[in-house]
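Encoded as structure tokens, the structure appears first; notes follow it.
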Amino acid sequence: MSGATRSLPVLLLQNTVSVFLAVIAVRANPAMGLELYLDLLSQPCRAVFIFAKKNGIPFQLRTVHIFKGQNCSKEFLQINSLQRVPVLKDGDFILTESSAILIYLSCKYQVADHWYPSDLQTRSQIQEYLGWHADNIRSIFGVPLWIRVPEEKVNRNRTYMDHALQQLESKFLGDKPFLVGQQVSLADLMLLEELIQPVAVGYDVFVGRPRLAAWRGRIEAFLDTELWQEAHGVIFNILEQMAKKTLPVPPPETQKYMLLRISKIP
Amino acid sequence: MGLELYLDLMSQPCRAVYIFAKKNGIPFQLRTVELLKGQHYTDSFGQVNPLRKVPALKDGDFTLAESVAILLYLSRKYKAPDHWYPQDLQARARVDEYLSWQHTTLRSCCTRAMWQKMLFPVFLGQPVPPETLAATLAELDRCLQLLEDKFLRNQAFLTGSQISLADLVAITELMHPVSAGCQVFECRPKLAAWRQRVESAVGEDLFQEAHEVILKAKDIPPADPALKEKLRQALQGLLQ
């Protein structure tokens, strides 16, 4: 609208129309707020969940049970055609990839600086970690939650895991309290959840690694007990469910997808 | 000393960093680290990056590895034009999303395609089972489809109407299988058109300069025996 002056009756009419239209808009499309599509069996989903909860970010949790094939449903395909979680939906804006989601939330909700520090060098070090993490942790630490994997592959995978953890401790953690700097950051959450995964299925990667165990303890202390339980209840229950055979058998599409994921893990 | 960039233009992420720095007129000293000559195993390079990977950056006392981290550092420190890594929250998130996705997808299969099709047989003298290569090329095909369907869609560039870090990282990856003789753009007109746009935005001369080494990969003489064994062992993971 131009800045030209208008007579008072016209202004009143315009304002009334604007208010009327705004009311229509709100009723027709009530603000959904932030939605997070998560399965707490998934490592990156837990990182996003913990981050949002710890920072008091209001969101609607949309649970997507991978085991029940809910990521293959028609509804979810509208959200993410790649059938992956986590997914963020903020109004019409849909975002995948946990690190992108964490960074988006950090900036939008202006969380405490230590999560994703604004200092150029520190922030770069977080990105450096996330890059290494993608190739060396995420691609190696995927643990099959459903089928049995041949012994030979398990042993080979453990060798890769050991190598990655050695590099992690020497290059990234060192003698520092956290991965980057003196406080918890996005990097720590991403790593923590990947390491919790093998622990949950009975391979405790923290045994024999006191520095890593101490680091985990620090994060656990930082997140309160209730949040810790809430985030990890599902995954820590997995062995019991497998023993009691109460774990749902994934539908064929999901099985295919899981087998593909497992075949990519060295 | 000023900014030093440790690069081998045989490596896709190194090319992305090189192009970005040159395009944005960022002054740097190029320190070439020839991977195929084992130069990443030297003590001096170990000081710069104990993980012995390129690209690596040294800015005074500050060292940094990982191409995405390096690109973001340079972008911010040297105040590159906004379109490379936008300030706008959602536009930036799109770039972050691509840069994250590409690690275990496009990057992984482009690396394996190059090594399995060309570098293992020609440079290391180790034949690769045809089924392994076929599976890798099938995966590459799937990734290219995803690139078109999920990211490019009907946009001019991967994350919008202007070139960003995502496009630079993607194009330098795709030139890897191209150099190995794989069909990447031939049956994909949408992707081929995108490639033209990216090359124009970067500048044809700079693009050629960055890719001169990799495009001559088939002429690389075989590795010397001592190095061959060391490299072969280190790279077995690429045969999956």
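Since every read-out is calculated from the coordinates, none of them should be taken as a lab result. The structure displayed is predicted, hence computed values, not measured ones. All Cβ positions, even for glycine, are placed from backbone atoms using ideal geometry, and neighbour counts span all protein chains on display.
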### 10 Å Cβ shell holding at most 16 others, DSSP loop, trypsin sites (Lys or Arg not before Pro): longest site-free stretch of chain A
A:7-147
### Message
Can you pull out the trypsin sites (Lys or Arg not before Pro) in segment B:78-183 whose DSSP state is coil and whose Cβ has at most 11 other Cβ atoms within 10 Å?
### Response
B:K79, B:R153
### Summary
In chain B the DSSP beta bridges are antiparallel at a rate, in percent to nearest 5, of 70 percent
### Query
Counting Lys and Arg as +1 and Asp and Glu as -1, what is the net charge of the other residues whose Cβ lies under 13 Å from the Cβ of B:N24?
+4
### Message
Could you work out the percent of alpha carbon pairs in the protein assembly as shown separated by over 46 Å, rounded to a whole number?
### Response
13 percent
### Message
For segment B:84-239, what does the relative contact order come out to in percent, with C-alpha contacts under 8 Å and a separation of six or more?
### Response
31 percent
### Task
Averaged over every viewing direction, what's the projected area of the C-alpha convex hull for segment A:195-253? Give it in nm², one decimal, please.
5.4 nm²
### Message
Antiparallel versus total DSSP beta bridges in chain A: what percent is that, nearest 5?
### Response
65 percent
### Task
Compute the distribution of all C-alpha to C-alpha distances in segment B:3-80, in bins of 10 Å from 0, and list the percent of pairs in each, rounded to whole numbers.
20, 58, 20, 1
### Query
Among B:T159, A:T246, which comes first, second and so on when ranked by fewest other beta-carbon atoms within 10 Å?
A:T246, B:T159
### Task
Please report the orientation-averaged projected area of segment A:138-209, defined via the convex hull of its C-alpha atoms, in nm².
5.2 nm²
### Query
Expressed in whole Å with the largest first, what are the equivalent ellipsoid semi-axes of segment B:84-239 derived from the C-alpha gyration tensor as the square root of 5 times each eigenvalue?
30, 17, 15
### Furthest towards positive pole of dipole, A:A200, A:Q83, A:W132, structure part chain A, Cβ charges
A:Q83
### Query
Put +1 on the Cβ of every Lys and Arg and -1 on every Asp and Glu Cβ in chain A; which of A:M161, A:S118, A:Q60 then has its Cα farthest towards the positive end of the dipole?
A:Q60
### Query
For segment A:166-224, which GluC sites (Glu not before Pro) are both in a DSSP coil and crowded by at most 12 other Cβ atoms within 10 Å?
none
#### Entry: Ratio of Rg to Rh over chain A (Cα coordinates, Kirkwood Rh, two decimals)
1.08
### Message
As an exercise, use a Förster radius of 30 Å and the Cβ-Cβ distance of B:S200 and B:K77 to find the FRET efficiency, rounded to the nearest 0.05.
### Response
0.70
### Summary
Under the Karplus relation with 6.51, -1.76 and 1.60 and θ = phi - 60°, whole-Hz ³J(HN,Hα) for segment A:64-70, x at Gly and Pro, equal 10, 7, 4, 4, 9, x, 5
### Message
Given a 10 angstrom Cα cut-off, can you work out which residue in A:S99, A:S185, A:S81 is the most mobile in a GNM of chain A?
### Response
A:S81
#### Entry: Inter-centroid distance (Cα atoms) of segment A:177-234 relative to segment B:128-175, Å
34 Å
